[in-house]
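Trainee: Please see the structure below; I have some questions.
Only the coordinates and a few stated rules stand behind these numbers; no lab work does. Every value quoted in this text rests on a predicted model; they were computed, and no experiment measured them. Neighbour counts run over all protein chains shown; Cβ positions are idealised from the backbone, glycine included.
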Amino acid sequence: MEILPLKQEDVPSVKAFLFKVIEEDFGYQFNPAWHSDIANLERVYLQDPRSYFLVGWNGDGSIAGTIAIRKYPNSFPEVNHLYDDRTTSMVVRHFVSRSQRNKGVGSQLLKDVEAYARESGVNTLYLHTQITIPGSLEYWLAKGYKVTLDTKNQLGTVHLEKHLPRVE
């Protein structure tokens, strides 16, 4: 697998991959409130200097997985007080194709995006996941993320963070 930053020419295939995984794993289609960043990949991830999007490519040109970070959006009132949007980034769109799961694809993507964040001066990575996704919470905990809030809401949303060591 080769991991590369998102390029303009890859946007259509990356969008298709993201929506396919969302439908397979979550059982729903495009929702503008939840997926506006995907609909606007170019603006959100290619034009914003605080964003970084990685794509893992299989040797046959298919997508193995994705991960991105973007500036913390201050859109979660229950945890906003915990984060400084100048030094916090949100981990998003960390998806691995079903055929590539449990092969280290997700771990390598995460390692690479964490290294980029650290080198870019990010102090904290924030994310949220749903406990209804089998193995998701366990994955993040195993990668050193700590729960900051379990909302116990209908979606099973759990907020997590990881403080990154400073680069000297």
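Trainee: List every residue pair whose Cβ atoms sit under 7 Å apart, with the two residues 6 or more apart in sequence or on different chains, where the first one lies in the stretch 42-61 and is touching a residue at least 40 places away in the same chain (Cβ under 8 Å) and the second, anywhere, is surrounded by fewer than 13 Cβ atoms within 10 Å (Cβ to Cβ) and polar (S, T, N, Q).
Mentor: Hits for this filter: Leu46/Gln8.
Trainee: Which residues, counting only those in the stretch 90-134, are in contact with an Asp or Glu (Cβ under 8 Å, 6 or more places away or on another chain), in contact (Cβ under 8 Å) with a residue 40 or more places away in the chain and among the β-branched types (Val, Ile, Thr)?
Mentor: Matches in the stretch 90-134: Val92, Thr124, Ile133.
Trainee: Answer yes or no: is there a residue in the stretch 5-25 that is over 15 Å from Arg93 (Cβ atoms), touching a strand residue (DSSP E or B) at 6+ places or on another chain (Cβ under 9 Å) and not in a helix (DSSP H, G or I).
Mentor: For the stretch 5-25, residues over 15 Å from Arg93 (Cβ atoms), touching a strand residue (DSSP E or B) at 6+ places or on another chain (Cβ under 9 Å) and not in a helix (DSSP H, G or I): present.
Trainee: How many residues does the stretch 113-134 contain that are of a type in the set (A, V, I, L, M, F, W, C) and within 17 Å of Tyr72 (Cβ to Cβ)?
Mentor: Here the count works out to 5.
Trainee: Which ones in the stretch 26-39 are of a type in the set (Phe, Trp, Tyr) and outside any helix (DSSP H, G or I)?
Mentor: Correct list: Tyr28, Phe30.
Trainee: Okay, next question. Among residues belonging to the stretch 62-87 that are without any contact (Cβ under 8 Å) to a residue 40 or more places away in the chain and part of a strand (DSSP E or B), point out the one that is surrounded by the most Cβ atoms within 10 Å (Cβ to Cβ).
Mentor: Restricting to residues being without any contact (Cβ under 8 Å) to a residue 40 or more places away in the chain and part of a strand (DSSP E or B), the top hit is Arg70.
Trainee: Quick test for you: out of Leu110, Leu137, Leu160, pick the one residue that is hydrophobic (A, V, I, L, M, F, W, C), under 16 Å from Tyr72 (Cβ atoms) and surrounded by 15 or more Cβ atoms within 10 Å (Cβ to Cβ).
Mentor: Leu160
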